[in-house]
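For reference, the structure discussed in these notes is given below.
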Amino acid sequence: MINYNVLPDYKTRNEIISDLCRHYPFIKHSYAGESVCGRCIDVLHIGSTKSRVLYCGGFHGSEYLTILALLKFLDDCARSMQDENAVGEYRVSDFLRIRGLTVVPCVNPDGVEIALHGSDAALKYKPLVEKVSDNTDKWQANARGVDINHNFNAGWCELKQKELSRNIKCPSPTRFGGNCPESEPETKALTKLCRNIDFERAVALHSQGREIYCSFGEHTPVLSFKLASVFSQASGYNIGFPEEIATGGGFKDWFIERFKKPALTIEMGLGENPLPLSDLESEYEILKNIFCLGVVV
């Protein structure tokens, strides 16, 4: 059994991934690219390669519980395929042979390191981090102070105006979308992955609020709303709309606009980021239903 009651920094995350791949040799491990500081952005896949769904987490540094939740679900799915067991109420193994699951557990590895270990983790960007933040525990951005989930090319110009109206004009712990869309290697890595692989749908895991966001502009497919409704019924999460400053520039927004396919943001947990490790088990039990349905439905 792999211990998930640990802070998922880069070293620990690599150890968990190595354990998963050793226990389940059918998990395929690759890399989408590297972060600003040269940390690898892992990609893990299980099941069919003819049809795939994509789950991503770790967009924001202090939202590292999302990483553990995704790795734990991948573990459950792999065990289900190996032992022909159910995951909760669902025989996910049967569906994974038809529709595979690709997981990017941590889109923003530098941000997570900064949130967990402070400005030293930013390497040559340490002076920048120290200049803009005196409390890295709540750090959201990458090592260059760009919020990855404000850096995707969907409504980016409109979002930039909202940032400027709030005096967000330069690198910041959160909500600075960069000087142009896809300026950051982390953003480019994820968009390249999606352009290279024909994902059927995508889920972006964030924290917190126990909410589901499923729409962006006029291109939102009907299935996005249907999936949100199914997820909500299974979990008790509310279907909501992000606040204005969080609309546009996000991965979910870009995926919907670029591919005209369903994409959803799931906000796990309640409280203030970073959520405590002690919340993982109870929140995962709720999330597990959403994760299963994302593959099954």
Review point. Any idea which of Asn3, Asn85 is closer than 27 Å to Asn273 by Cα, without any contact (Cβ under 8 Å) to a residue 12 or more places away in the chain and not in a strand (DSSP E or B)?
Key: Asn3
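Touching a helix residue (DSSP H, G or I) at 6+ places or on another chain (Cβ under 9 Å), surrounded by 22 or more Cβ atoms within 10 Å (Cβ to Cβ) and among the aromatic types (Phe, Trp, Tyr): is that true of Phe26 in this structure? Full working, then the answer.
Numbers: touching a helix residue (DSSP H, G or I) at 6+ places or on another chain (Cβ under 9 Å): yes; surrounded by 22 or more Cβ atoms within 10 Å (Cβ to Cβ): no; among the aromatic types (Phe, Trp, Tyr): yes.
So Phe26 does not fit the description; no.
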Practice item. For the stretch 126-177, name all the residues that are closer than 23 Å to Arg195 by Cβ, of a type in the set (Gly, Ala, Ser) and over 19 Å from the mean Cα position of the chain (by Cα). Key: Gly155
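Can you tell me which of Lys192, Lys188 is part of a helix (DSSP H, G or I), of a type outside the set (Gly, Ala, Ser), out of contact with any Pro (no Cβ under 7 Å at 6 or more places or on another chain) and within 20 Å of Leu101 (Cα to Cα)?
Details: Lys188 fails: within 20 Å of Leu101 (Cα to Cα).
None of the other options fit; the residue is Lys192.
When the residues of the stretch 216-245 are narrowed to those that are under 17 Å from Phe59 (Cβ atoms) and touching a residue at least 60 places away in the same chain (Cβ under 8 Å), which ends up surrounded by the most Cβ atoms within 10 Å (Cβ to Cβ)?
Initial filter on the stretch 216-245 (under 17 Å from Phe59 (Cβ atoms)): 216, 242-243, 245.
Going one step further and asking which of them are touching a residue at least 60 places away in the same chain (Cβ under 8 Å), we end up with 216, 245.
On the way: Phe216: 22, Ile245: 16.
Top of the filtered list is Phe216.
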Practice item. Please verify whether the stretch 220-228 includes one or more residues that are in contact with a Pro (Cβ under 8 Å, 6 or more places away or on another chain) and of a type in the set (A, V, I, L, M, F, W, C). Key: yes
Practice item. Counting only residues that are touching a Pro at 6+ places or on another chain (Cβ under 7 Å) and under 28 Å from Leu128 (Cβ atoms), give me the strands (runs of 3 or more DSSP E) lying completely in the stretch 6-64 with at least 2 of them. Key: 28-34, 40-46
Practice item. Kindly check whether there is at least one residue in the stretch 168-185 that is modelled with pLDDT under 95, under 21 Å from Lys252 (Cα atoms) and of a type in the set (A, V, I, L, M, F, W, C). Key: no
Check your understanding: Just one of the numbered conditions (1) under 21 Å from Pro185 (Cβ atoms); (2) modelled with pLDDT of 95 or more is not true of Leu159; which one?
Key -> (2)
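Restrict the check to the stretch 133-148 and report whether at least one residue is in contact with a strand residue (DSSP E or B) (Cβ under 6 Å, 6 or more places away or on another chain), surrounded by fewer than 24 Cβ atoms within 10 Å (Cβ to Cβ) and modelled with pLDDT of 95 or more. It would help to see each step written out before you state the result.
So the first thing to find is which residues in the stretch 133-148 are in contact with a strand residue (DSSP E or B) (Cβ under 6 Å, 6 or more places away or on another chain), and the list is none.
Scanning the stretch 133-148 turns up no residue that is in contact with a strand residue (DSSP E or B) (Cβ under 6 Å, 6 or more places away or on another chain), surrounded by fewer than 24 Cβ atoms within 10 Å (Cβ to Cβ) and modelled with pLDDT of 95 or more.
The values are calculated or read from the model by the stated rules, or taken from the named source; none is laboratory data. Please read these numbers as outputs of a predicted model, since none were measured by experiment. Quick reminder, even Gly has a Cβ in these numbers, built from the backbone with ideal geometry, and neighbours come from all protein chains shown.
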